[in-house]
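Working notes, beginning with the structure itself.
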Amino acid sequence: KQQQQEVYEERHLKFISSLGKGNFGRVDLCRYDPLGDNTGEMVAVKQLQSNKQSNMADFQREIQTISSLHCDYIVKYRGICYSAGRLSMRLVMEFLPFGSLISYMEKNKHIITTRKMLLFTSQICKGMEYLQNLRYVHRDLAARNILVSSDTLVKIADFGLTKIVPLNKEYYRVTQSGESPIFWYAPELFSCCEQSRNPKRLSLHRIGGDIQGTMMAAHLFNILKENWRLPAPAMCPPKVYSMMMQCWAFNSEDRPTFSHLQDLIESSLQDERE
Ligand SMILES: C[C@H](Nc1nc(-c2c[nH]c3ncc(Cl)cc23)ncc1F)C(=O)NCC(F)(F)F
């Protein structure tokens, strides 16, 4: 059983490579090697890029969020590393060797079966249902924020935009302007994350290239009001596309819950077995 460390000493955290950049942070692959013999565990370490006060507060909230989550389908929190003088801190998480779902799908798009994609989607629904039961809203569910643990297990990651729905409310209203991923729909798994079928690219094509900035959200709203939706990805089973369309219902009360989605996935899996 891997160590469940809470505090990581900076001097034993050995940088190996940079994994990627998020909204305000960077994630590196490190080996935590207190014995100094390269037998320590590999971990993913996130640190802020900017030391803007607001980002620091958001980072604290992200740490608070991920450290409260215990689910097989959510990336595991390992602990905190306080830098010298405790000025900045770093979030230590489990390292998933297969990387993000986007890169995994691009690399394996010719061998990934519909069954495998349904299994991944079902696991994401289970993770999202767990979040929902804790009244968390992820707000940035996209294949780029899903990590692949093995050929049969994916996990939800990146809780930088996650908010808690207050007890006296039923939904979360976007308040601060920040970068909202307005083009992102339900899991775009079934497009194999092909860049040509990227939700943003397809929506921009429909809206027209000469629109920019604040007008963009208005135009996106209009085409959705007129019931335009992303086309079915290639090889997407009809039942799956109808499930996606239900997730994109204009009125939120018409959209399926994550538990209902799991029933739909089970029934699609039956079809795939026959
Ligand atoms: C900014 C960081 N970007 C990347 N991370 C990794 C990664 C591989 N393996 C990993 N194991 C644990 C973690 Cl936390 C990240 C990785 N790979 C490519 C990236 F571009 C990130 O956090 N992205 C969000 C999410 F984690 F959901 F993919």
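Residues in the stretch 62-79 that are more than 15 Å from the ligand (Cβ to nearest atom) and surrounded by 15 or more Cβ atoms within 10 Å (Cβ to Cβ): 0 in all. Within the stretch 135-172, the set of residues being of a type in the set (S, T, N, Q) and over 27 Å from Pro97 (Cβ atoms) comprises just one member, Asn168. Looking at the structure I just gave you, is Asn38 away from the ligand (no atom under 12 Å from the Cβ) and part of a loop (DSSP other than H, G, I, E, B)? Yes, satisfied. The residues listed here are Gln49, Gln53; of these, the one that is over 21 Å from Val148 (Cβ atoms), free of Cβ contacts under 8 Å to residues at least 12 places away in the same chain and among the polar types (S, T, N, Q) is Gln53. If you filter the stretch 80-101 down to residues that are within 13 Å of the ligand (Cβ to nearest atom) and farther than 29 Å from Met244 by Cβ, you find that the one that is surrounded by the fewest Cβ atoms within 10 Å (Cβ to Cβ) is Pro97.
Within this structure, Ser122 passes the test of being away from the ligand (no atom under 13 Å from the Cβ), among the small types (Gly, Ala, Ser) and modelled with pLDDT of 95 or more.
Total residues in the stretch 225-270 satisfying the condition of being surrounded by 14 or more Cβ atoms within 10 Å (Cβ to Cβ), in a helix (DSSP H, G or I) and in contact (Cβ under 8 Å) with a residue 24 or more places away in the chain: the figure is 13.
A count restricted to the stretch 58-79 and to residues that are out of contact with any Gly (no Cβ under 8 Å at 6 or more places or on another chain) and within 11 Å of Gly160 (Cα to Cα) stands at 6. Once the stretch 136-152 is narrowed to residues that are away from the ligand (no atom under 11 Å from the Cβ) and either within 24 Å of Leu19 (Cβ to Cβ) or at pLDDT 95 or above (or both), the residue that is surrounded by the most Cβ atoms within 10 Å (Cβ to Cβ) is Tyr136.
Within the stretch 102-118, the residues that satisfy the criterion of being touching a residue at least 60 places away in the same chain (Cβ under 8 Å), over 14 Å from the mean Cα position of the chain (by Cα) and surrounded by 15 or more Cβ atoms within 10 Å (Cβ to Cβ) are Met105, Ile112, Thr114, Met117, Leu118.
Residues of the stretch 67-89 being at negative phi and either more than 20 Å from the chain's Cα centre (by Cα) or part of a helix (DSSP H, G or I) (or both), which ones? If the condition is that a residue be at negative phi and either more than 20 Å from the chain's Cα centre (by Cα) or part of a helix (DSSP H, G or I) (or both), then Ser67, Ile80, Cys81, Tyr82, Ser83, Ala84, Leu87, Ser88, Met89 are the ones that fit.
Filtered by the rule that a residue be without any contact (Cβ under 8 Å) to a residue 24 or more places away in the chain and closer than 15 Å to Phe15 by Cβ, the stretch 37-46 gives a lone residue, Asn38.
Going by the conditions given, is Ser50 part of a loop (DSSP other than H, G, I, E, B), polar (S, T, N, Q) and more than 13 Å from the ligand (Cβ to nearest atom)? Against the criterion (part of a loop (DSSP other than H, G, I, E, B), polar (S, T, N, Q) and more than 13 Å from the ligand (Cβ to nearest atom)), Ser50 qualifies.
The values are calculated or read from the model by the stated rules, or taken from the named source; none is laboratory data. A quick note: this is a predicted structure, and the numbers were derived from the prediction, not measured. Cβ sites come from the backbone with ideal geometry, for glycine too, and all protein chains shown count toward neighbours.
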